[in-house]
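Just below is one structure, and these are the notes that go with it.
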Amino acid sequence: MTTHEGTAPIVVGVEHTDAGRLAVLWAADEAARRGLWVRLVHALDWPVGADRDPWTNPHRQTWDGRFRDAGLRALDAARDFVATRHPGLITVTVLADGAPVAALREHARDAAMIVLGSRRLSTTTELLTTGGIAVPITAHAKCPVVVVREPEHTSSEPPTIVVAVDGAQRSEPAVAYAFDEAARRGATVVAVNVRQPPGGLLAGLRMEEEMQEGRLRLAETLAGWTEKYPAVPVRREVTVGHPVKALRDAAEHALCLVVGTRGRGGFTGLLLGSVSQGLIHHVRCPLVIVPTGQDDAESAAHE
């Protein structure tokens, strides 16, 4: 099967879980909406000492052969699922030797998007699964990374796409993705600015100042995008609290939550730390993590 020359694929990490199947579903639908193709990648994370050659003993099915066969079956099942859901959508399968992070980085160099599943496990356990690879993948990705923990909420009326906005220019890639996706899906953009609760004797007065600052940042950030997408409804929300809880609650019934990755301050500066991991573990809809394109060296100094 050939690919569309000149078009980038949506790369999907394939695994033997319900979350993995949700990721394939989300990626196939997104590829169909955007006219892209899908590259399904399953990584064979070989134990130390395993024989990676399944043909060393053709008269006996070794553990190594069964391990490789299981990966091939996972890829075949994912490809068949995509073909059933979107006949004609171009799909390529890759069985890669090596750890999932390295394999996905290698095969996502030309990607338009990377899609991962994330199981609902304990935080400690999830650090060893696809949920755990999302942070290192996101830290180096040049394209959006989508973490699919739960299905998107298509029954909500109107459908919404929630985007985190901190008011700086670095928010724009995430905002651009949110408006583009909303236009494709007939959804409303819900732009959320999260403020930290002030303390001290003048907390009430300072809180009003914080809320006003949040409204100003939303207005400034969204002005050009509402002109570019006049048909996309927009709702602005300023909320107070911890970014993980505030954004999780705002996106509880959304098609997806869109956030930025790099930059100073706000969610973007924190995203590769506690906020990103909190959202990956707790968000109740697909999470779209969009890089700002800021210089990596500068970003690393502030993460």
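The values are calculated or read from the model by the stated rules, or taken from the named source; none is laboratory data. Source: prediction; values computed, not measured. Positions of Cβ are generated from backbone atoms using ideal geometry, with glycine treated the same way; all protein chains shown enter the neighbour counts. The protein model used for the area step is the full one, side chains on, heavy atoms only, and it has no ligands, DNA or RNA in it. Shrake-Rupley method; radii C 1.70, N 1.55, O 1.52, S 1.80 Å.
Please name all residue pairs, on different chains or six or more residues apart, with Cβ atoms under 8 Å, provided the first residue is in region 181-208 and is at pLDDT 80 or above and buried (at least 19 other Cβ atoms within 10 Å of the Cβ) and the second residue is of a type in the set (Ser, Thr, Tyr) and in a helix (DSSP H, G or I).
Ala191/Thr221
Can you name the residue in region 90-100 that is touching a helix residue (DSSP H, G or I) at 6+ places or on another chain (Cβ under 8 Å) and open to solvent by 30 Å² or more (accessible area, probe 1.4 Å) and, of all such residues, is farthest from Leu72 (Cα to Cα)?
The qualifying residue farthest from Leu72 (Cα to Cα) is Pro100.
So which residues in region 156-180 are open to solvent by 30 Å² or more (accessible area, probe 1.4 Å) and farther than 21 Å from Val244 by Cα, if there are any at all? Reasoning before the result, please.
Taking region 156-180 as the starting set, the residues that turn out to be open to solvent by 30 Å² or more (accessible area, probe 1.4 Å) are 157-158, 169-170, 172-173, 180.
Result: Glu157, Pro158, Gln169, Asp180.
I'd like the full set of residues that are within 17 Å of Arg170 (Cβ to Cβ) and either touching a residue at least 60 places away in the same chain (Cβ under 8 Å) or aromatic (Phe, Trp, Tyr) (or both), limited to region 211-236.
Trp225, the sole residue that qualifies.
Yes or no: region 232-239 includes at least one residue that is in a helix (DSSP H, G or I), among the basic types (Lys, Arg) and at pLDDT 85 or above.
Checked against the condition, which is being in a helix (DSSP H, G or I), among the basic types (Lys, Arg) and at pLDDT 85 or above, region 232-239 yields no hits at all.
Would you point out the residue of region 244-266, among those that are part of a helix (DSSP H, G or I) and open to solvent by 10 Å² or more (accessible area, probe 1.4 Å), that is modelled with the lowest pLDDT?
Gly266
With respect to the numbered conditions (1) touching a helix residue (DSSP H, G or I) at 6+ places or on another chain (Cβ under 8 Å); (2) open to solvent by 20 Å² or more (accessible area, probe 1.4 Å); (3) among the acidic types (Asp, Glu); (4) at pLDDT below 80, which one is the sole condition not fulfilled by Asp45?
So Asp45 meets the others, but not (4).
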